[in-house]
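One structure is given below, encoded as structure tokens.
The values are calculated or read from the model by the stated rules, or taken from the named source; none is laboratory data. Every value quoted in this text rests on a predicted model; they were computed, and no experiment measured them. A quick note on method: Cβ atoms are made from the backbone with ideal geometry, for glycine too, and the neighbour counts reach across all protein chains shown.
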Amino acid sequence: MGSHVSRTRRQWDGHVSAWFDQFAHARWAAFEPYWGMWRIPQSQLAVLPADVAGQAAVELGCGSGYVSAWLAGRGARPIGVDVSARQLATAHRLQDEFGVRFPLLLADAERVPLADGSADLVISEYGASVWCDPYRWLPEAARLLRPGGRLVFMAQSTLARMCVPEQGPATDRLLRDLFGLHRIVRRGTSGEEYHLFTLPHGEWIRLMGDCGLVVENLIEVQVPPDATNDDFPELPDEWVRRWPAEEVWFARRPPVTRP
């Protein structure tokens, strides 16, 4: 197990969950899914595929399970995977409250104990896509997908990662090198380190190709004019009106072609 995995588990079993749990109930209760730091509704940012009914889905880094709950509400058969027992306890509590049931699996998204080709959809919104090493979780996502299966993940944009310092808000300058971009260290107000991951766009594309996936789309998210973000001050409003702070990737394992 990589050192970042044990660090992430400790942080999410502790103070990080205490902060994020305040958002969990509202996301479970939402009339329609909404995404990312600016809570952009599905009707404006189509992250979930329209045709998920009956499909097997795996959410990598499910946290409190709201994305899996949204999938279940649309007729999919999701499994939520997370490294934090505390987050899964929140997900179990909300399952009881809302009467929505799906399996929850305590596991590292870089080593998922599920069979090859067991999913039609693998999805991550700020879960594995941020906290896990892409050179380990992306091959796992590809392994889980059946031919024709889709991968969707949302994370902070590569550009934002390059402009946000270890502490403080994003600037209009590039503070990190693009070449070799991989592990990002952010420090909280207490000085504690958070290890996050990203890649240059070209490396994302090459890595997915090496895993047998074909990139179909990349949305560099433009924040709607009426959207607000009061919870993540490192990305102030004046910055996101000029540049994308979030991005959504869509890839597919090609279907088997018959002669």
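Of everything in the stretch 109-124 that is closer than 19 Å to Val52 by Cβ and among the hydrophobic types (A, V, I, L, M, F, W, C), the residue that is surrounded by the fewest Cβ atoms within 10 Å (Cβ to Cβ) is Leu114.
Inclusion of Arg150 among residues that are in contact (Cβ under 8 Å) with a residue 24 or more places away in the chain and either part of a strand (DSSP E or B) or more than 19 Å from the chain's Cα centre (by Cα) (or both) is warranted. Would you say Leu105 is within 26 Å of Gln11 (Cα to Cα), of a type in the set (A, V, I, L, M) and touching a residue at least 40 places away in the same chain (Cβ under 8 Å)? No, not satisfied. Within the stretch 163-172, one or more residues are farther than 18 Å from Gly212 by Cβ, among the hydrophobic types (A, V, I, L, M, F, W, C) and out of contact with any Cys (no Cβ under 7 Å at 6 or more places or on another chain). The number of residues in the stretch 140-156 that are small (Gly, Ala, Ser) and buried (at least 23 other Cβ atoms within 10 Å of the Cβ) comes to 3.
Kindly provide the set of residues from the stretch 65-120 that are among the acidic types (Asp, Glu) and farther than 28 Å from His4 by Cα, ordered by number. Result: Asp96, Glu97, Asp120. Residues that are among the polar types (S, T, N, Q), closer than 27 Å to Arg143 by Cβ, modelled with pLDDT of 95 or more and more than 16 Å from the chain's Cα centre (by Cα) do occur in the stretch 41-64.
Does Asp116 qualify as being under 21 Å from Leu207 (Cα atoms), in contact (Cβ under 8 Å) with a residue 24 or more places away in the chain, in contact with a Lys or Arg (Cβ under 8 Å, 6 or more places away or on another chain) and not in a loop (DSSP other than H, G, I, E, B)? Judged against the criteria, Asp116 is not a match. Picking from Arg258, Arg252, which residue would you name as being more than 21 Å from Val16 (Cβ to Cβ), of a type outside the set (Gly, Ala, Ser) and at pLDDT below 95? It is Arg258.
Condition first: among the basic types (Lys, Arg) and in a strand (DSSP E or B). Now tell me which residues in the stretch 217-253 satisfy that. Scanning the stretch 217-253 gives a single hit, Arg252.
The numbered conditions (1) surrounded by fewer than 21 Cβ atoms within 10 Å (Cβ to Cβ); (2) modelled with pLDDT of 95 or more; (3) not small (Gly, Ala, Ser) are all true for Trp131 except (1).
Return the residues of the stretch 167-216 that are outside any strand (DSSP E or B), surrounded by fewer than 12 Cβ atoms within 10 Å (Cβ to Cβ) and of a type in the set (D, E, K, R); say none if nothing qualifies. Asp172, Arg173, Asp177 - these are the residues of the stretch 167-216 that are outside any strand (DSSP E or B), surrounded by fewer than 12 Cβ atoms within 10 Å (Cβ to Cβ) and of a type in the set (D, E, K, R). Restricting the search to strands (runs of 3 or more DSSP E) fully inside the stretch 5-108 and requiring at least 2 residues that are crowded, with 19+ Cβ neighbours inside 10 Å and out of contact with any Gly (no Cβ under 6 Å at 6 or more places or on another chain) gives 56-60, 77-82. Gly36 falls short on exactly one of the conditions (1) in contact with a strand residue (DSSP E or B) (Cβ under 6 Å, 6 or more places away or on another chain); (2) at pLDDT 95 or above, and that condition is (2).
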